[in-house]
Amino acid sequence: MRRTRIVATIGPASESDEVLKNLVKAGVDVFRVSMAHGDIPSNLERLRRVRAVAPDIAIMVDIPGPKIRAGSFGTMPVHLDIGQAIELVEAFGETSTAERIAVEREGVLSQLKPGDRIHIGDGGISLVITTVGAHTMAEVTSGGAVVGKPGMGLPSSILNDRLPTDDDRARLEALKDEDIDMLAVSFVRSAFDMVSVRSVLSRDDVMLMSKIETGEGVENLDEIVAVSDAIMVARGDLGVRMPIEEVPHLQKLIVRHGIRYARPVVVATQMLESMTHAQVPTRAEVTDVANAVLDGASAVMLSGETAIGDDPVGTVITMDRIVRRAEASFDYAKWGASLELQSSVGHANQSTRVTAAITGAAWRAAMEENAVAIVACTRSGMTARAISRFRPPMPIVAITPSTATARQLRGSWGVDEVVLSPSHDIDELCDVAVNAVKKAGIAQPGDPIVIMAGSTSGGAQVTDTVRMLIVP
């Protein structure tokens, strides 16, 4: 099976029942619903439709945080040319034009000064402030076409809202009773941001994903990872707020750091962007997706390509092909061996260290004895995510009594989920594991398999048991 996961954003082009079903057939593992566009009721309706059509697929909801957006440019491209003068005004619900851009945030223009740079969308269009006062004017320094309601990248000193913002609090309240699996939080700059979001959401059954897209987020990466369940390399705003040449290196840093601590890491933004309208991607995009796989990413994400693109299903099929080919060149043994040398230090507590040690032993045993599968018996998904970080070449089978856990594991690299009733002891658990891999056609009599199980110790989940069995 393909081991790197695919995340697809749902929008007007992909929200019909027919397209959703075809996206599942094409290989989508996680559907993303972004609450940055549209009102709360329409977003809730969208995620409920996704859940009804695809009950076994994970749903990630993305809240926008303090992102500033421009008033809508409409559905037809508006061209901004280099050297063009544009007025900026604070206004809500107004359209933007090539001569006048509505900024949907009160009080930001007064904080600007001449020379400040503003980026539109993912940074392809740039403006420099020339005049501040009764009329705030800017000059286009990098032009291009814009549609819809793009984000606006303003200087970091202006982006000073604490998370969650008031708007996000309303979104979190609306999500408290919804059937979702993951929540992606934008513009995370500290561990306190994630703790605050968790407190407002008041749910422990939802995985919280930190989107790393600011310099502060990179600086505080260690403490953010400690309080997050997953990480996203949000390259759009990261490339606007950090020197563009740093983005590839930051991607590798964030991927390696998150996975080292058993956090799934999603690489996002512009992966196959040309396929929003083109039938084939650029060579550079193909290389980008493949490199994300070789970096060790848990998942790669499609945004506008599937939300508003001409062929969402074809785009997923293309990404699936690219990922499968890249995985054929992945050096599994080298990855696991180098990861093993990095002990879980710093923020790791005792249960985390025990889990790291046991899963490390399980990986070594599986590699040395050429096991045909590693079976992770888990309630929360922690055991499966912990062994997944080693990127073993053999299948990882997660046996869990929880359908919610099974869905969440759709975002973890290389994990095949099986939902079964809970076992009463380790011997029964091993019998269940053996039967599961035999039924799946993964193991035959005489094959070695490695089985891991966890328990609750001192109130914390810990993986503390590993066995190697020969399939009878």
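The numbers here are math on the coordinates, done by the rules we state, and not lab data. Predicted model only: the values in this text are computed from it and were never measured. Note that each Cβ is placed from the backbone with ideal geometry, even for glycine, and that neighbours are counted across all protein chains shown.
Relative contact order for segment 1-101: what is it in percent, counting Cα pairs under 8 Å that are at least 6 residues apart?
23 percent
Sort M468, M382, M367, M76 so that the residue with the fewest other Cβ atoms within 10 Å of its own Cβ comes first and the one with the most comes last. Please report the intermediate quantities before stating the final value.
On the way: M468 14, M382 22, M367 18, M76 7.
By the 10 Å Cβ count, ascending, the order reads M76, M468, M367, M382.
Just to be sure I understand the model, the point goes 7 Å from the Cα along the line to the Cβ. What's the resulting A134 to A328 distance in nm?
My value for the distance between the label points is 6.8 nm.
Kindly provide log₁₀ I(q)/I(0) values, in the same order as q = 0.13 Å⁻¹, from the Debye equation applied to equal alpha-carbon scatterers of segment 12-105.
-0.62
Gain in length, A98 to S338, computed as 0.36 nm per residue apart minus the alpha-carbon separation, to one decimal in nm?
Working: separation 240, 0.36 × 240 = 86.40 nm, distance 5.19 nm.
Gain in length upon complete extension: 81.2 nm.
Under a cut-off of 29 Å between alpha-carbon atoms, report the lysines in cross-link reach of K149, not counting same-chain residues fewer than 8 places apart.
K21, K67, K113, K176, K211
Fewest to most neighbouring Cβ within 10 Å: what's the order for Y261, Y332?
Details: Y261 22, Y332 16.
Fewest-to-most ranking of Y261, Y332: Y332, Y261.
Which whole-number percent is the relative contact order of the chain (Cα, under 8 Å, 6+ apart)?
On the way: 1047 pairs, mean separation 65.8, N = 472.
Answer for the chain is 14 percent.
Note the full-extension length gain between S202 and A365 as 0.36 nm times their separation in residues minus their Cα-Cα distance, in nm to one decimal.
Numbers: separation 163, 0.36 × 163 = 58.68 nm, distance 3.98 nm.
Taking 0.36 nm per residue and subtracting the Cα distance, the gain is 54.7 nm.
I need the calculated FRET efficiency for the pair A170 and K439, taking r as the beta carbon distance and R₀ as 35 Å, to the nearest 0.05.
On the way: r = 46 Å, r/R0 = 1.32.
With R0 = 35 Å, the Cβ-Cβ based efficiency is 0.15.
Taking the Cα centre of each part, how many Å lie between segment 233-257 and segment 113-186?
Cα centres, segment 233-257 to segment 113-186: 18 Å.
Would you order R283, R325 from fewest to most other beta-carbon atoms within 10 Å of each residue's own beta-carbon? Display every interim value, and only then the final one.
Values: R283 8, R325 13.
Least to most surrounded, the residues fall as R283, R325.
Would you mind estimating how fast segment 333-470 diffuses translationally, via Stokes-Einstein at 37 °C and 0.692 mPa s with the Kirkwood radius over Cα pairs, in µm²/s? Show your work: numbers first, answer last.
Numbers: Rh = 14.8 Å.
Estimated via Stokes-Einstein, D reaches 221 µm²/s.
Can you pull the Kirkwood radius for the chain, inverse mean 1/r over Cα pairs, to one decimal in Å?
Working: mean 1/r = 0.0431 Å⁻¹.
Evaluated on the chain, it is 23.2 Å.
In nm, what is the difference between 0.36 nm times the number of residues separating M76 and A284 and their Cα-Cα distance? Before the final figure, lay out the partial values.
Numbers: separation 208, 0.36 × 208 = 74.88 nm, distance 2.66 nm.
Additional length available on full extension: 72.2 nm.
Run the helix sum for the chain: -39,500 (n - 2.57) per DSSP H stretch of 4+ residues, divided by residue count, reported at 222 nm to the nearest 500 deg cm²/dmol. All intermediate terms of the calculation are to be shown ahead of the outcome.
Numbers: 16 runs with 165 residues, N = 472.
One gets -10500 deg cm²/dmol as the mean residue ellipticity at 222 nm.
So if R0 is 25 Å, what FRET efficiency would Q84 and I40 give, r being the distance between their Cβ atoms, rounded to the nearest 0.05? Don't jump to the answer; show the numbers that get you there.
Numbers: r = 36 Å, r/R0 = 1.44.
Efficiency at R0 = 25 Å is approximately 0.10.
How much of the DSSP beta bridge set in the chain is antiparallel, as a percent to the nearest 5? Mind showing how you got there, number by number?
On the way: 31 of 79 bridges.
The antiparallel fraction comes to roughly 40 percent.
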